[in-house]
Structure formats: C-alpha cells, structure tokens
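Student: Quick one: structure below, then a few questions.
Each value in this text was obtained by applying a stated rule to the coordinates, not by laboratory testing. Bear in mind the structure is a predicted one, so any value in this text is a computation, not a measurement. All Cβ positions, even for glycine, are placed from backbone atoms using ideal geometry, and neighbour counts span all protein chains on display.
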Amino acid sequence: MNKVLPPALQRSSYLFQKYQTRDPFAIAETLGIHVRYSDAFKQLKGMYTVIARNRFIFLNANNSPQMNRIVCAHELGHDQLHRDAAKRSPLQEFSLFDSSSKQEYEANLFAAELLLSDEEMLSYIASGKNCTEIAAVTETDPNLVALKVDCLVEAGYPLNAQIYQNRFLK
C-alpha cells in the first residue's frame, strides 16, 4: 500500500510514531497544548484556540471520558492542521463528523487515524466485527470506525466502503 496519504493522515501517523502513543491527551501535553475542562459549555463539545501564542483545547466537562478522548483527538487535529485559522477565530465543535467543512473533515480523519491503528482495525474486521462492535471494543464511535474503514479502503485494502452520519454527535 504505497499511496500518498492526505496531510491529516500523515500528521497523525507522524505523531504516533514520534511519541509512541495514541493518547491525544499525552500528545497534547508533550506538544505544550493546554487542555482545560469547562462546566459552562452547554451544547459545545469542545474547541481549539490560540491565545497570545498559547495553544488550548477546551473540553466540555459534561462529556463522557470516551467522548472527551474523541474530541481531544479531533481538536489536536485542528492544532496540527489549522492552527493559523484558530489564531483568527476559535474552532468550536457543536457536532463532530460534520463533513460539510473541509477543516472538520480533516480533523475527523486525523482523529480516526490517531485513535485507531490499521492493524487493530484489520484484526477486528478479520474476526467478523462490524463498526458498532469495533467502536464498543475501542471505546470510540461507530462513525469514527466507519471513517477509518474508508481510510483503509482509500489506502487500497479490499474492504467495503462504509456509510457514517456526518452530524451524529449533534
């Protein structure tokens, strides 16, 4: 599989290889990104912003730990791919997996690649697990798993493309 990866996949793969972890909180800390929790968020799941050259990921304190892991990975994607845009205006997440925006789609790809390894996914698929079952085992979301399967299809693996909800977390 020697296809050129999109920048979102390249960057998340690079960070995994460099830091030997798929934990978005550990990577954020290593990169000097401040992760903060807020009780004030109502529908906002999280956001990424740059304030006076300091990088911040804000997470909704009312999200489940699993949701905050996904949101943190997504926001880390914004840090790696869209930092200049965040300097102008915070990138706020009311719903993840909203592919109507190129930036949101790229952050979703980044999160899928960071949180779910190719080997792990292929092993679960070979054992007959579907997206919902894989999501349960990996503590992610079926839509994130479906997006990762689509990445594997794009990379040349002979799998069936998956359908996922663009606005499933809204």
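Student: May I have the pair-distance distribution P(r) for the range 8-73, computed from all Cα-Cα distances with 10 Å bins from 0 and rounded to whole percent?
Tutor: In whole percents, the pair-distance histogram is 21, 49, 28, 3.
Student: Sort the following peptides by mean Cβ neighbour count (other Cβ atoms within 10 Å, averaged over residues), highest first: 102-108, 74-80, 19-25. Don't skip to the end; give the middle numbers.
Tutor: On the way: 102-108: 19.9, 74-80: 27.0, 19-25: 16.1.
Per-residue mean Cβ counts within 10 Å order the peptides as 74-80, 102-108, 19-25.
Student: Length gain on complete extension for the stretch Asp23 to Ala85, per 0.36 nm per residue less the alpha carbon to alpha carbon distance? Walk me through the numbers before you get to the answer.
Tutor: Working: separation 62, 0.36 × 62 = 22.32 nm, distance 2.43 nm.
My answer for the length gained is 19.9 nm.
Student: Give me the aspartates and glutamates in straight-line cross-link reach of Lys102: C-alpha distance below 15 Å, same-chain residues under 8 apart excluded.
Tutor: Glu75, Asp79, Asp84, Glu93
Student: Checking the cross-link filter: which aspartates and glutamates have an alpha carbon closer than 17 Å to that of Lys129, excluding same-chain neighbours under 8 positions apart?
Tutor: Asp118, Glu119, Glu120, Glu139, Asp141, Asp150
Student: Then there is this: What length, rounded to one decimal in nm, is gained on full extension from Tyr14 through to Glu154, with 0.36 nm per residue of separation minus their alpha-carbon distance?
Tutor: Length difference between fully extended and current span is 48.5 nm.
Student: Then there's this: How large is log10 I(q)/I(0) at q = 0.21, 0.23 Å⁻¹ when the Debye formula is applied to the Cα atoms of the range 123-166, each weighted equally and without solvent?
Tutor: -0.63, -0.75
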